[in-house]
1. When you scan region 122-177 for strands (runs of 3 or more DSSP E) that lie fully inside it, which ones turn up with 2 or more residues that are farther than 24 Å from Asn248 by Cα?
2. Do you know which of the residues in region 217-229 that are of a type outside the set (Lys, Arg) and surrounded by fewer than 22 Cβ atoms within 10 Å (Cβ to Cβ) is farthest from Tyr27 (Cα to Cα)?
3. Would region 133-151 turn up any residue that is closer than 14 Å to Leu269 by Cβ, in contact (Cβ under 8 Å) with a residue 40 or more places away in the chain, of a type outside the set (A, V, I, L, M) and open to solvent by 20 Å² or more (accessible area, probe 1.4 Å)?
4. Which residues, taken from region 10-44, are open to solvent by 70 Å² or more (accessible area, probe 1.4 Å) and either among the hydroxyl-bearing types (Ser, Thr, Tyr) or touching a strand residue (DSSP E or B) at 6+ places or on another chain (Cβ under 7 Å) (or both)?
5. Counting just the residues of region 417-445 that are in contact with a Gly (Cβ under 8 Å, 6 or more places away or on another chain) and in a loop (DSSP other than H, G, I, E, B), which one comes out surrounded by the fewest Cβ atoms within 10 Å (Cβ to Cβ)?
6. For region 316-340, what are the residues that are of a type in the set (A, V, I, L, M, F, W, C), over 25 Å from Ala373 (Cα atoms) and out of contact with any Lys or Arg (no Cβ under 6 Å at 6 or more places or on another chain)?
7. Give the residue, chosen from Asp108, Asp114, Asp118, Asp104, that is surrounded by 10 or more Cβ atoms within 10 Å (Cβ to Cβ), out of contact with any Pro (no Cβ under 6 Å at 6 or more places or on another chain), acidic (Asp, Glu) and modelled with pLDDT under 75.
8. Looking at region 331-343, is at least one residue closer than 17 Å to Ser257 by Cα, open to solvent by less than 50 Å² (accessible area, probe 1.4 Å) and out of contact with any Ser or Thr (no Cβ under 6 Å at 6 or more places or on another chain)?
Amino acid sequence: MISAVAWIRKGVAAEKPTKYEMTEEEYARLQAVADAEIGSAKRELKKKSKLDASILEDPALKDFNLEDYSSASEAGDSDSEAEENAAGDINVFSNIKGLSYYADASEDPYLQQDDGSDEEAEEMRIFNSDNLLLVAKTEDDISSLEVCVFESESDNLFVHHDFMLPAFPLCVEWMDFSVGRKAASGGAGNYVAVGTFEPRIEIWDLDTTDNAYPDLVLGSNDRKQLRRMRGKPHAEFHTDAIMGLSWNRLARNLLASSSADTTVKLWDLAAATCVQSYTHHTGKVQAVQWHPSEASVMLTGAYDRRVAAFDSRAPAAVSWWATDADVESVMWDVHSPSHFYVATESGAVRYYDVRNVQEGKGSEPVYTLVAHAEAVSAMDQHPHVRGLLVTGSADETVKVWDLRDGRPSMVVSRNPDVGGVFAARFCPDEPMLLAVAGSGGETRIWDMATNPHVRSVFGGAAAAAVQEKPLVGVVDEAEADADDTREAVLAEMHGGEAVETAGQGSGSSGDDDDDEDAAMESD
């Protein structure tokens, strides 16, 4: 499944990404981590040996002569320990560091030069006309972050490179503040912060391929301490899953995080430390977002069915709003920064005015949008078109809403064929492109400007198009060849006429009664 996506503007990524190379300091760091893991394993083994010894003293087991087996095992262990002591301390990475014998690889007779290096470099090139799309994906219990390139001129979406993640990803946040190896270089960078079921935040350099580990990790690396404190709030680090992330675009060194440990934390990226911990919620904090124009104000939503807005410099003065269910996401209205949206598990979207507060308690919502029959698991607003909102749900639909004049109405509902919708994000450069992904493990790019319903409602805000395009997705080469063969066979069966293959159709409607027809067309 795909649990989160994020766009990156054109021209931000390096044209020629660098390949990751480990330094002596990094080898030493990995050796220290390996030593700690080996030491922990040995301690567990000793505990098990003591337990086995206590079992052997049980009178009921005397007839089985288990002491003989134990003695033989201990003798074997002693021999192994003697061999280890004779060999001395073994460095896990000693052989890796000794692989390169020649200072210049071209002098090594056992190495063949790669004649296709120039071609490979050209394939890895990212043009200024390309958008990047970050896709947090899990397949067969293996989680990764795919860095995809979208070529809008040819409607081509493909995976450029990826990073392995330690656990199931819950949120991703792009940022341009340089950290880790490039921190001293200054200037803007190209990074992504990733929150997973682990209680740590990983920050990766997107302009480097084949990364062995993240450039920066925020949180505690003491696994024993984290296991002991799982879910219990701590002032300096999270102790449970990272559920939300928000980078401050006005104060670029600040990153906010929300966690299942019920806390919200403020991180100084320059110092790689937690500078403030907020404990105003009593349930898992699902979402956090900085205000678009007030650098110190943030919005949070949690499973305690409450939303909070406060100044991070004065956390005691919190304004509260009650919701009808657990909060799925929160979002400031970029076109009217005194208002914000709240999506809930009940399938509703509520719109609040942050100014309507009395004694710390917020008023009723300006309006409530009953968007879906199931949880609203994805929500985004158009960055340029006022009143254009998109919602996605576990009911496998994406809906476009017209919220202008405070009178919400649905424009179109569509089944994008991605399963339950977990992510929906507008492209920052292409006005009407929407990335959609979900439980089916596929990503789709929908050009909403080609939809007649969207054009009829938003007029000049949506670029004119003659006919609606099919959704664009990442296609495996083998699957593409199979599709070409299937199309050729179908065309021959129908007298040479082109036939639309399954999955390329699209359906849309202006009301909920037509949702089923839209899904059938998409299928």
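1. Qualifying strands (runs of 3 or more DSSP E): 131-139, 142-151, 156-164.
2. That would be Met229.
3. No, the conditions are met nowhere in region 133-151.
4. Thr18, Lys19
5. Restricting to residues being in contact with a Gly (Cβ under 8 Å, 6 or more places away or on another chain) and in a loop (DSSP other than H, G, I, E, B), the top hit is Gly441.
6. Ala316, Ala317, Val318, Val334
7. Values: Asp114 fails: surrounded by 10 or more Cβ atoms within 10 Å (Cβ to Cβ); Asp118 fails: surrounded by 10 or more Cβ atoms within 10 Å (Cβ to Cβ); Asp104 fails: surrounded by 10 or more Cβ atoms within 10 Å (Cβ to Cβ).
Of the residues listed, the single one that is surrounded by 10 or more Cβ atoms within 10 Å (Cβ to Cβ), out of contact with any Pro (no Cβ under 6 Å at 6 or more places or on another chain), acidic (Asp, Glu) and modelled with pLDDT under 75 is Asp108.
8. yes
The values are calculated or read from the model by the stated rules, or taken from the named source; none is laboratory data. This one's a predicted model, so the numbers in the text were calculated from it and none came from an experiment. Note: ideal-geometry Cβ built from the backbone for every residue, glycine included; neighbour counts use all protein chains shown. These area figures cover heavy atoms from the full protein model, side chains too; ligands, DNA and RNA do not enter into them. Shrake-Rupley method; radii C 1.70, N 1.55, O 1.52, S 1.80 Å.
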